[in-house]
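**Student:** Structure provided below as structure tokens; questions to follow.
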Amino acid sequence: MAAVLWSAPLARVPFLAALLLVLLQQARLPPLAAARTNLTAGATLAPPDYITSPSGAFAFGFRALDSDPAKFILATWFRFGDGNGDSSSQPQPQSVVWFAKQLPSGATPNATARSVLSVTADGELTLTDGGSNQALWAPSTERGSVLALRDSGNLQFLSDSGDQVLWESFSYPTDTLLPGQSLVYAQSGNEGKVFAKRADAEFTTGRFSMGVQSDGNVVLYVDLLKGNDPGNAYWQAYTNSPDGNTTVTFDGQGRLNYTLHNGTTQSLIQPASSFAAGDYFQFARMDLDGIVRTYIRPKNGGAGNTSWTVSGAFPDNGCHKWTSGLQGMCGPGSYCMSALTKSSRDRLSCVCPSGYNYTDEQHRDSGCTPAFEPQSCDGKDSSDDFTLVELLNTTWEASIYYKKFPSVTEDQCREYCLSDCFCAAALFIDGSDCAEVAALTNGWQANDGTILTTKALIKVRTRNPPQIASSRTRNALAYKVIAICLAFLLLITVGGLVAHHFVTRNRESQRLLSPSVRSFSWKELHQATNGFEKLLGKGSFGEVYKGTIRSPQPHPIAVKKLINSNDYSEQEFTNEVQSIGQIHHRNLVRMIGYCKEGKHRMLVFEFMPGGSLRGFLFNPEKRPPWRWRAEAALAIARGLEYLHDGCSAPIIHCDIKPDNILLDDLGVPRITDFGISKLLGNQQVHTTVTHVRGTRGYIAPEWLRGDARVDTKADVYSFGVVLLEMICCRKCHEPVTPEGAEDDDDETVTLFGWAAQLVGARRTEVMLRGDADVDTVEDMERVERFARVALSCIEPNPLLRPTMHQVVQMLETSKRQVEALPDPPVCYIEGEFGRAPREGLL
């Protein structure tokens, strides 16, 4: 009996040990739950759980964000290790091969610890927020029963029977293609493309993408979120054909191929050396620098320090790639630097020149801005305040040149740039030519042994300008001091609270919107314009008055006083100040300041004494000389080119016409009136316009379509109309009687149709009506070239129009390239576009 009693405590020991083991297992439920290979109806998955493929090579589930571990993305990643180490730890960003995105926006849903992924009882696959029960992601509208991860890395949502795939991740790639995965043309949004991430550990859509166009062309794009636009292409395979139907595939041998409609296969990437595919993990990826690379990693490498190795890449010479609109790998103000070889296996980097800082330190491809106040054109700065810093083996040969000087010395080139307030840098080319650059775009550094014949000279400030405090600044400081005193003395009284609130609100309404322009008070501008006495002009959104400011010295100004309008929103005013305040170009009217006080909204510009181009161009008493008109047209084109390609983001003017082109005291044309312009951000390539604005006759046809989706090509069209007017000195809306028509014949054509007929018949001299200064063969060739360029700009199809950069190149060429320019659009010779209505209006 004693033996039995003594053995009872011993008998309880295995029971306690078993109980402890059960508790320990329950404490480790997340790893056990993560070992599942599918998610069935009624089951759920919550952070940080995941499921695996049958072989364990891949995992799908919740991955915490590096920037905020309390937030998660739904992702698929390579799962390394033996199950006791790296396989259950946070996967490295490079190992993530897919992550969930919302359609059609492309935004990445962020889950929290309370979020749940589930296949509901009625067969709906959805990620919901645990707090609000809001659906964060629901990829399929069809009902199924099983979510399974295949050994290929493909995540599939299956029907009840399990033999029908309702949705799969391979059809919606993010930045990566796995072996066996393909890309084909897809008319809907993001499907059919791979998009680079914005940063390695930032799971959002970046700037670059690879896709297949509707014509079968394989293209690399920059800043194109939706659709297929050749204007955003920086590389193409030229696989386009009437049949289309090209497929891009990453195969099991590490090759990235494309297959044409006829079955012909070519490789975009071939591995540098052969390897046993079964021994390696591999993938192809659109990297965040715009280069597509293939990667491999041995499967037996374990979870140690084994890393991914680049096995191939395209395109080579990535720093030399840019779009037809001069948009390259690096943003304005920076230059692209590659590895010591022309191969693109190593990452490209974007670097700021001396004296410049990154616009966004986290995303260095956004560009650079001067770390100093740029040179002013109002006489406050001296050329002695600046110097030119030589940047070795670096050039901006694809930048916007607005002045060129042939056969000069380097010292002369330096002097030209230092004395020109619009010059941001000078390029000394081939030891004899000098080009002044208004904006640094598409710079690159040759560090692969290439010998450059161009020397880059960057303008930087050596002395800070004197700080002149305006009366408004002093008043703001005084108000601030008073507000602090009142808040301190009357903190517990109602009067103190009211006073504090008033001062805070007033200071908010007067806050500085743009650091490069001055803030005026309403009183200052009322005094400057003598009570808004002299009206210069009136437009849809405001009146323009002449005035004079006396600080630091007297000089005339033009004040645009915005009228109350439901169309002109508060956001539009802010956009205008931010966009115009950054613009410095000799062919654009410079904004000096603004007023944002109470209900008053005004913009202050430098005054243009020469009046508008309309008044000068259509003066019946004195026709401006052809050579002046030609140089003025080129200057206007350069100003538009700067708006489209030289700013941190493209700016659409939307209302190019002779009224909005002013002449300074030297007769130099400058574009003005950005009141209806829209600033395009890095994440928006097209802007959708809800109201047609501008002047009839200059409006591009796409403005009049129902969806009214326009881009910079709308400005190209308007410029083409203005260019035709400048060639002929005729207004676009005036009907023209064709040459040889009878006196009693009421048939008339538009200016477009008349010009197209003359160009087609090689009779462009008729457009000039006897200009005395057109007396050489070169002059006549220039007239015909300008006319052909104008007609190409007014092509009804915006995709067929040139960019403003191409327009500038065609206008400024000195070679006899008239034959190479396109023929006039047929619609202006034979179609409705060429005939004028009875009323004589367009």
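**Student:** Name the residue that is modelled with the highest pLDDT, counting only residues in the range 615-645 that are farther than 15 Å from Q809 by Cβ and within 21 Å of the chain's Cα centre (by Cα).
**Tutor:** G639
**Student:** Would you point out which residue out of D229, D160 is at pLDDT below 95 and farther than 30 Å from T44 by Cβ?
**Tutor:** Going through D229, D160 in turn, just one is at pLDDT below 95 and farther than 30 Å from T44 by Cβ: D229.
**Student:** Just one of (1) surrounded by 20 or more Cβ atoms within 10 Å (Cβ to Cβ); (2) part of a strand (DSSP E or B) trips up T108, so point out which.
**Tutor:** Just one mismatch for T108, condition (2).
Quick grid of which residues meet (1) in a loop (DSSP other than H, G, I, E, B); (2) open to solvent by less than 20 Å² (accessible area, probe 1.4 Å):
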| residue | (1), (2) |
| --- | --- |
| R601 | no, no |
| G615 | no, no |
| P624 | yes, yes |
| A630 | no, yes |
| A637 | no, yes |
| E641 | no, yes |
| L666 | yes, no |
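**Student:** So which residues in the range 442-457 are surrounded by 24 or more Cβ atoms within 10 Å (Cβ to Cβ) and closer than 24 Å to D381 by Cβ?
**Tutor:** A456
**Student:** Within the range 323-330, is even one residue open to solvent by 20 Å² or more (accessible area, probe 1.4 Å), in a loop (DSSP other than H, G, I, E, B) and modelled with pLDDT of 85 or more?
**Tutor:** no
**Student:** Does the range 396-416 contain at least one residue that is modelled with pLDDT under 85 and polar (S, T, N, Q)?
**Tutor:** Scanning the range 396-416, I find at least one residue that is modelled with pLDDT under 85 and polar (S, T, N, Q), so the answer is yes.
**Student:** Another one. Go through A100, A138, A121, A113 for me and flag whichever is under 15 Å from F72 (Cα atoms) and surrounded by fewer than 16 Cβ atoms within 10 Å (Cβ to Cβ).
**Tutor:** When all the criteria are applied, what remains is A113.
**Student:** Shifting gears a bit: Within 22 Å of the chain's Cα centre (by Cα) and hydrophobic (A, V, I, L, M, F, W, C): is that true of C368 in this structure?
**Tutor:** yes
**Student:** Could you please find all residues in the range 267-292 being open to solvent by 10 Å² or more (accessible area, probe 1.4 Å) and in contact with a Phe, Trp or Tyr (Cβ under 6 Å, 6 or more places away or on another chain)?
**Tutor:** L268, F281
**Student:** Follow-up question, since we're still on this one. Determine which member of the set A741, A708 is modelled with pLDDT under 75, farther than 30 Å from H555 by Cα, open to solvent by less than 10 Å² (accessible area, probe 1.4 Å) and of a type outside the set (F, W, Y).
**Tutor:** Sole residue among the options that is modelled with pLDDT under 75, farther than 30 Å from H555 by Cα, open to solvent by less than 10 Å² (accessible area, probe 1.4 Å) and of a type outside the set (F, W, Y): A708.
**Student:** Every residue in the range 595-631 that is among the charged types (D, E, K, R) and in contact with a strand residue (DSSP E or B) (Cβ under 7 Å, 6 or more places away or on another chain), please.
**Tutor:** Those that are among the charged types (D, E, K, R) and in contact with a strand residue (DSSP E or B) (Cβ under 7 Å, 6 or more places away or on another chain): R601, E606.
**Student:** List, please: which pairs have Cβ atoms under 9 Å, are six or more places apart or on different chains, and start with a residue in the range 599-614 that is within 14 Å of I549 (Cα to Cα) and end with one that is of a type in the set (F, W, Y) and surrounded by 23 or more Cβ atoms within 10 Å (Cβ to Cβ)?
**Tutor:** Here the result reads L603/Y594; L603/F674; V604/F520; V604/Y594, each pair linking the range 599-614 to a residue that is of a type in the set (F, W, Y) and surrounded by 23 or more Cβ atoms within 10 Å (Cβ to Cβ).
**Student:** Has the range 647-658 got at least one residue that is assigned to a strand (DSSP E or B) and either open to solvent by 20 Å² or more (accessible area, probe 1.4 Å) or of a type outside the set (V, I, T) (or both)?
**Tutor:** no
**Student:** Here is a further query. Among the residues of the range 155-177 satisfying the criterion of being in a loop (DSSP other than H, G, I, E, B) and over 29 Å from the mean Cα position of the chain (by Cα), which is surrounded by the fewest Cβ atoms within 10 Å (Cβ to Cβ)?
**Tutor:** So the residue we want is D163.
The values are calculated or read from the model by the stated rules, or taken from the named source; none is laboratory data. Owing to the predicted nature of the structure, the values given are computational and were not obtained by experimental measurement. Note that each Cβ is placed from the backbone with ideal geometry, even for glycine, and that neighbours are counted across all protein chains shown. Please note that ligands, DNA and RNA were not included when accessible areas were found on the heavy atoms of the full protein model with its side chains. Shrake-Rupley method; radii C 1.70, N 1.55, O 1.52, S 1.80 Å.
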